[in-house]
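Some notes on the structure that comes next.
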Amino acid sequence: MVIIGAVAAGTSVGTKAHRNDPEAEVVIYERDRDISYSGCGIPYFVGGEVDDAAVLHPRGPEWFAKRGVEVRTRHEVRAVEGRELRVVNLDTGEESTDHWDVLVLATGARAVVPPLPGIETDGVFTVRSIRDAEAIRGWLDGRAVGRAVIVGSGFIGLEMAEQLVGRGIAVTLVEKLPQVMPALDPDMATLVEEELRRHGVDVRLGAEVTAIEGGEAVTGVRLGDETVPADVVIVSVGVRPVVDLAEQLGVELGPTGAIAVDDAMRTSVPDVWAVGDVAENVSVITGAPLWRPLGSTANKTGRVAGDAITGGALRHRGVLGTGIVRVFDVAVGHTGLTEGEAERQGFDVVAIRTAAADRASYLGGRKLTVKAVADRATGRILGAQAVGPDGVDKRIDVLATAITFGATASDLFHLDLAYAPPFSTARDVVHYVGMALESALTGSGEE
């Protein structure tokens, strides 16, 4: 078995496959120096919450070798011809070949770099790898950086804004769309925008970067006729699946542009599998293809493929795209479909927004705002979003579980949830969501 890519998904395939079949010969090729790392932890290293980048990649090739998996770092697979691979050692330039009986593509996704004038200027960074993290932190530590521009307001953009403000840097956040955090509905994104502004972030919505300015180093970002000064620029406008080798093999791509796979992570080419950020998923709700490049999904799909390749029965059941991010003093979570997405998918949508204390008020309970979406015809919950200082993770996970198992609005009210004053209220926020949805569905007007 040859696996191309050694971050979350690729290493999961290898360890699971060898655990199932100790006789299997498993080799992983990885072009980078670092393997099995937590890309989600990168902003916290940049900001200094994490002191040492080494803790983000605690498992090296030696750890995997003890478990029967050979990892060859700084080795790039340049071509696949039939059952043969052409591999280049990036440190020495030496070329070699290898063969495969089973090939797993875990090539991940790469950061989108817009073709802007000045994009190659020193001090302009993307955020994807440990090397990116070290480069950004080195830039911040090595000079007087007082102003930053972040392009894009997805998870990484928001986390980087928080961390750079924490370092005393004035941050301008530029978003092409009319709202921050496009994964949310606009009425919930407004709460996130308010939190950013409360902490001094200059939020520019509906703004488009036209150029990066600077000589030896970046000095600013051009927004139409205006130049926003910057000593560092973070470009975080999304990622794309790395499908070059898949296209060489003639592997079918799905409508999202990622590799189409079945529930065992098989591709359209015999004995070729795809996992992690390069692989397409399906929606638990609709069954339609979707692409949600998340570390949690990468780990799952890797384990599924490792099991299936070695004869196991584990299969991937799809995703909701559940996510959460800390933005200064609040957490922001979402799962399933937004109101807008549900409408575009053809549902007759009922949506509510409610707010309640996350725990007893006499023990410091604070407001937690939840929006939920349901299908009018069936009452089935389709999605939820939450913003608040505490307890967002718990409520989003409960709602994600409910959606996964097809719960209706009335089912939420009947959930027997843990209650004690330090943790919740006797009627939890989740119960209020169910009651509000049921009221909207029936038109009863009850609260």
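Here are a few things to note about the model shown:
- Checklist (1) touching a residue at least 40 places away in the same chain (Cβ under 8 Å); (2) over 19 Å from F328 (Cα atoms) applied to G152, failing item: (2)
- Test: D428 is surrounded by fewer than 17 Cβ atoms within 10 Å (Cβ to Cβ) and more than 23 Å from G340 (Cβ to Cβ): no
- Filter result for R128 (charged (D, E, K, R), part of a loop (DSSP other than H, G, I, E, B) and either at pLDDT below 95 or under 17 Å from the mean Cα position of the chain (by Cα) (or both)): yes
- Which listed residue is touching a Gly at 6+ places or on another chain (Cβ under 6 Å) and of a type in the set (V, I, T), from T126, T107, T92, T73: T107
- Scanning the range 410-425 for residues that are surrounded by 21 or more Cβ atoms within 10 Å (Cβ to Cβ) and either touching a residue at least 40 places away in the same chain (Cβ under 8 Å) or more than 31 Å from the chain's Cα centre (by Cα) (or both) turns up just one, S424.
- Enumerated strands (runs of 3 or more DSSP E) restricted to the range 274-368, each holding at least 2 residues that are over 20 Å from the mean Cα position of the chain (by Cα) and surrounded by fewer than 18 Cβ atoms within 10 Å (Cβ to Cβ): 349-357
- For the range 418-427, the criterion of being under 23 Å from T322 (Cβ atoms) and not in a loop (DSSP other than H, G, I, E, B) is met by no residue.
- Any chance L184 is aliphatic (A, V, I, L, M), crowded, with 18+ Cβ neighbours inside 10 Å, closer than 21 Å to P115 by Cα and under 21 Å from the mean Cα position of the chain (by Cα): no
- Condition check for G388: small (G, A, S) and buried (at least 20 other Cβ atoms within 10 Å of the Cβ): yes
- Residue check, V113 touching a residue at least 40 places away in the same chain (Cβ under 8 Å), over 23 Å from F328 (Cβ atoms) and not acidic (D, E): yes
- Matching residues in the range 215-231 - criterion: being closer than 13 Å to F125 by Cβ and surrounded by fewer than 19 Cβ atoms within 10 Å (Cβ to Cβ): A217
- Among (1) closer than 22 Å to R240 by Cα; (2) within 22 Å of the chain's Cα centre (by Cα); (3) surrounded by fewer than 18 Cβ atoms within 10 Å (Cβ to Cβ), the one test that I4 misses: (3)
- Complete set of residues in the range 245-260 that are assigned to a loop (DSSP other than H, G, I, E, B) and in contact (Cβ under 8 Å) with a residue 40 or more places away in the chain: V251
- Residues within the range 33-56 that are within 30 Å of D101 (Cβ to Cβ) and surrounded by fewer than 19 Cβ atoms within 10 Å (Cβ to Cβ), tallied: 1
The values are calculated or read from the model by the stated rules, or taken from the named source; none is laboratory data. Values in this document were obtained by computation on a predicted structure and should not be read as measured data. For neighbour counting, all protein chains shown are included, and Cβ atoms are generated from backbone atoms with ideal geometry for every residue, glycine included.
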